[in-house]
Amino acid sequence: ATQAPSAAEDSLMTQKSAEPSLEKTQAALKIIREANLTMETEQYDDDMQALRALVEENAGFITSNEEWGSGEYTRHMILNIRVPVSSLDSFMERAKAVGSVISSAITETDVTDRYTDTDRRLKAYQKQYDRVLDMMDQAQTVDELIQIESELSRLELNIEDCQGALNYWDERIQYSSVTIYVDEVKRAAQEDQPLGLQMQNALEDSWETFTENAKETLVNTYAALPYIVTWLIVLVIVGGVVLIVVLTRRRKKRK
């Protein structure tokens, strides 16, 4: 006689039968993953080169980059990057090690329902198109032929819209978008610094700011010397004229 499976064996069989369906459900999900990273760097050129090399190592590509500022510690960069979704987590971890991270985030958007609905409508439009196309051979009048062609054009537009949406989602699902903001600074922010070091850095930053402002003020004053001298001469001349007029009037009054 065949023995009935025990409760433990029955639970194990049930779990094994459920695993394929769970894997199938997870594989059917359509998830768009995107990331943002903001960092500061004291070595702008080296770190930007490291980021670009990191993109290539992860089979990604740069879609756009915007840079502004040309002086020392005034440069900024915004990188828009696409990397395979399978490499997103490792790419972000390695990118965080390049500079000093200010903030980072990874977001996930589930488009499974919209994707499935669009795919269903696409298949329905394709079936309708095939049926209407078969009706063209049966058209007996010019009006019927015109109506059939008009319906085919409408269905073609719907098919193109659905297919375009699916292609867009497929590309976004397979390649994650990453936006990286990079600011060049003289001293990058560090996490978990001792209080004494924070106070020392704050004092040094304040002194550097003061000296830079003093230098700028001195340079601007020197550049304005011709204007200052000119105005002084004008004021002296005007003052002399006024003084002469006043003295002349006093003399007349005495006489």
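The values are calculated or read from the model by the stated rules, or taken from the named source; none is laboratory data. The structure displayed is predicted, hence computed values, not measured ones. For neighbour counting, all protein chains shown are included, and Cβ atoms are generated from backbone atoms with ideal geometry for every residue, glycine included. Calculation scope for accessible area: heavy atoms of the full protein, side chains included, ligands and nucleic acids excluded. Shrake-Rupley method; radii C 1.70, N 1.55, O 1.52, S 1.80 Å.
Could we say that ILE102 is at pLDDT 90 or above and touching a helix residue (DSSP H, G or I) at 6+ places or on another chain (Cβ under 7 Å) here?
Judged against the criteria, ILE102 is not a match.
Among (1) open to solvent by less than 80 Å² (accessible area, probe 1.4 Å); (2) in a helix (DSSP H, G or I); (3) modelled with pLDDT of 95 or more, there is one condition LEU157 misses while meeting the rest; what is its number?
Looking at each condition in turn, LEU157 falls short on (1).
Collect the residues in the range 26-75 that are without any contact (Cβ under 8 Å) to a residue 24 or more places away in the chain, open to solvent by 50 Å² or more (accessible area, probe 1.4 Å) and aliphatic (A, V, I, L, M), keeping them in residue-number order.
Selection gives ALA27, ILE62.
Output the residues belonging to the range 214-225 that are part of a helix (DSSP H, G or I) and open to solvent by less than 80 Å² (accessible area, probe 1.4 Å).
Of everything in the range 214-225, those that are part of a helix (DSSP H, G or I) and open to solvent by less than 80 Å² (accessible area, probe 1.4 Å) turn out to be ALA214, THR221, ALA223, LEU225.
Going by the conditions given, is GLU156 over 18 Å from ASN36 (Cα atoms) and not hydrophobic (A, V, I, L, M, F, W, C)?
yes
Looking at the range 63-84, which of its residues are farther than 19 Å from VAL185 by Cα and touching a helix residue (DSSP H, G or I) at 6+ places or on another chain (Cβ under 6 Å)?
Result: ILE81, VAL83.
Could you say which residue among ASP117, ASP130, ASP113 is without any contact (Cβ under 8 Å) to a residue 40 or more places away in the chain, of a type in the set (Asp, Glu) and open to solvent by less than 80 Å² (accessible area, probe 1.4 Å)?
That would be ASP117, the only listed residue that is without any contact (Cβ under 8 Å) to a residue 40 or more places away in the chain, of a type in the set (Asp, Glu) and open to solvent by less than 80 Å² (accessible area, probe 1.4 Å).
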